[in-house]
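Have a look at the structure below, then the notes.
The values are calculated or read from the model by the stated rules, or taken from the named source; none is laboratory data. Remember, it's a predicted structure, so these values are computed and weren't measured experimentally. Reconstructed Cβ throughout: ideal geometry from the backbone, glycine too, with neighbour counts over all protein chains shown. All accessible areas refer to the heavy atoms of the entire protein, side chains included, with ligands and DNA or RNA removed. Shrake-Rupley method; radii C 1.70, N 1.55, O 1.52, S 1.80 Å.
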Amino acid sequence: MHVPGGKRTLLIMGLLVLVAAWIGSGVILREEIPHEPEPEPVERRMTVAVRISEAQPVERLLVMHGDLQPEQILRVRAQTGGEVKQWRVPLGAVVDAGDLLARLDLDERLSQRRQAQARLNVAKHQLRATRQLVEEGYEPKIRLESAQAELEGVQAELAAIEEDIRRTRIRTLIPGRVDQRIAEEGDFVSVGGEVARIVNNDPLRAIIQVPQHSIGQVEAGQQARVNIFGHGLVEGQVTFVSSLSDPATRTFRVEVKVPNPDQRLPAGTSTEVVIPTEEVPAHKVSPAIIGLDDKGRVGVKTVDGEHRVQFHVIEFVRAERDGVWVGGLPERARIITVGQGFVRPGDEVIPQPEETESGE
């Protein structure tokens, strides 16, 4: 059938309108697919390793370094002059107070004593004769007084000679050891000249200088442990605490007495003095788990009963080779040993017991 051109155009346009309407109706009538709500993000809890720790009583220690000094050093001096005639003890000998060390040559002292003794005898005879003459009236009483004075003068002279002879025997005034023979046999010493040095090493004294911020922890009577090189630890006791600080260092002199009855411990060496000042509850931790909080405070992280992280500011009590004793934690604490750097106070975590070296 022949369709005129104008009608053909209208027919095509009508078909286009129908197609467009059909497409539009499909879009409009299409059932809408509901959108599912996005799932809320699941909070991930960090797994950390913890170690259960019980607080233990630990001594807080004051550790200072000082010098070990003898109880007394005596420089024996000659009380009279003369030549050292004989030494009675060898170098290094142990002596008691009053022991004879050496003798000086008596030289003319013995003859002086004999002469004085002779004059004394004459003076005694003269006094007896004068007394009889005075009693019989042949001599005035003043002659008796003169004879008495003469006798007393000779007696004083003889006593001085005897004392001088006694001083030629050189003795020690303290117990100890002959540490040095300064004047040997044949040497001449004058009055006051040094003859020997005696060192008394029982007890020894450990001398330390305690800073002003720690002196309040030290008092006389406290027990102490003194570490002597080559001899280990020995027990001691604080015997002196200075009341006046050194103006140059602001430290106080403290002395610790160390018994040394057998004199086996040497003096003059460096030493370490450990003074326990108090006993406090503390936990032993590795320095690796100690950190800082947002305020710059030093502390340790733990996990509480609700599995939340807690930060505890700590106080150092004592350091040892395998760890540090610290205070400031609860008496019983679950200390985070692995993972503490990835959690913050208040975070909820999954605590797991730390693995031992054997893997148990």
Being open to solvent by 90 Å² or more (accessible area, probe 1.4 Å) and either more than 28 Å from the chain's Cα centre (by Cα) or among the polar types (S, T, N, Q) (or both) narrows ASP294, ASP304, ASP322, ASP347 down to just ASP294
Can you find a residue that is modelled with pLDDT of 90 or more, out of contact with any strand residue (DSSP E or B) (no Cβ under 8 Å at 6 or more places or on another chain) and aliphatic (A, V, I, L, M) anywhere in the stretch 285-305? yes
Log entry, pairs with first residue in the stretch 87-115 being without any contact (Cβ under 8 Å) to a residue 40 or more places away in the chain, second being not charged (D, E, K, R), beta carbons closer than 7 Å, six or more apart or on different chains, reads ARG88/LEU100; ARG88/LEU101; ARG88/ALA102; ASP107/GLY82
Checking GLY193, GLY221 in turn, the sole residue that is open to solvent by 20 Å² or more (accessible area, probe 1.4 Å) and of a type outside the set (Asp, Glu) turns out to be GLY221
Residue count, the stretch 329-344, condition surrounded by 18 or more Cβ atoms within 10 Å (Cβ to Cβ) and within 16 Å of SER53 (Cβ to Cβ), comes to 7
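Can we say GLN126 is more than 30 Å from LYS284 (Cα to Cα), out of contact with any Asp or Glu (no Cβ under 9 Å at 6 or more places or on another chain), among the polar types (S, T, N, Q) and open to solvent by 40 Å² or more (accessible area, probe 1.4 Å)? Write out each step before concluding.
Values: more than 30 Å from LYS284 (Cα to Cα): yes; out of contact with any Asp or Glu (no Cβ under 9 Å at 6 or more places or on another chain): no; among the polar types (S, T, N, Q): yes; open to solvent by 40 Å² or more (accessible area, probe 1.4 Å): yes.
In short, no.
Answer yes or no: is there a residue in the stretch 141-156 that is of a type outside the set (S, T, N, Q) and closer than 15 Å to LYS85 by Cβ.
From the stretch 141-156, those of a type outside the set (S, T, N, Q) are 141-145, 147, 149-154, 156; that's our starting set.
From the residues that got through so far, the ones that are closer than 15 Å to LYS85 by Cβ too are none.
No, every residue in the stretch 141-156 fails to be of a type outside the set (S, T, N, Q) and closer than 15 Å to LYS85 by Cβ.
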Checking VAL300, VAL254, VAL326, VAL273 in turn, the sole residue that is touching an Asp or Glu at 6+ places or on another chain (Cβ under 9 Å) and β-branched (Val, Ile, Thr) turns out to be VAL326
Per the filter on the stretch 90-108, residues surrounded by 14 or more Cβ atoms within 10 Å (Cβ to Cβ) and either in contact with a Leu (Cβ under 6 Å, 6 or more places away or on another chain) or among the charged types (D, E, K, R) (or both) are ASP99, ARG103, ASP105
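Counting only residues that are touching a residue at least 12 places away in the same chain (Cβ under 8 Å), open to solvent by 80 Å² or more (accessible area, probe 1.4 Å) and farther than 20 Å from ARG45 by Cβ, how many does the stretch 307-319 have? Before you say what the answer is, go through the steps one by one.
Within the stretch 307-319, the first condition is being touching a residue at least 12 places away in the same chain (Cβ under 8 Å), and the residues that meet it are 307-315, 317-318.
The next check asks that each one be open to solvent by 80 Å² or more (accessible area, probe 1.4 Å); those that pass are 308, 315.
Adding the requirement that they be farther than 20 Å from ARG45 by Cβ leaves 315.
Going through the stretch 307-319 one residue at a time, the tally reaches 1.
Which members of the stretch 284-308 meet the condition of being part of a strand (DSSP E or B), in contact with a helix residue (DSSP H, G or I) (Cβ under 8 Å, 6 or more places away or on another chain) and among the aliphatic types (A, V, I, L, M)? Show your work before the answer.
Initial filter on the stretch 284-308 (part of a strand (DSSP E or B)): 284-285, 291-292, 298-303, 308.
If we keep only those that are in contact with a helix residue (DSSP H, G or I) (Cβ under 8 Å, 6 or more places away or on another chain) too, we end up with 291, 300-301.
Across the stretch 284-308, the qualifying residue is only VAL300.
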Checked against (1) modelled with pLDDT of 90 or more; (2) under 22 Å from GLN56 (Cβ atoms); (3) within 26 Å of the chain's Cα centre (by Cα), LEU329 satisfies every condition except (3)
Considering only strands (runs of 3 or more DSSP E) wholly within the stretch 33-145, the ones with at least 1 residues that are under 30 Å from GLU162 (Cβ atoms) and not hydrophobic (A, V, I, L, M, F, W, C) are 56-77, 82-87, 100-104
Quick check: is even one residue across the stretch 172-182 touching an Asp or Glu at 6+ places or on another chain (Cβ under 7 Å), under 18 Å from ASP105 (Cβ atoms), open to solvent by less than 90 Å² (accessible area, probe 1.4 Å) and touching a residue at least 12 places away in the same chain (Cβ under 8 Å)? yes
GLN217: passes all of (1) under 30 Å from the mean Cα position of the chain (by Cα); (2) under 30 Å from ARG109 (Cα atoms) but (2)
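So that you can scan it fast, the table gives a plain yes or no per residue for (1) more than 30 Å from LEU204 (Cβ to Cβ); (2) more than 34 Å from the chain's Cα centre (by Cα); (3) buried (at least 16 other Cβ atoms within 10 Å of the Cβ):
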position: ALA78; (1), (2), (3): no, yes, yes
position: LEU110; (1), (2), (3): yes, yes, no
position: GLN115; (1), (2), (3): yes, yes, no
position: THR130; (1), (2), (3): yes, yes, yes
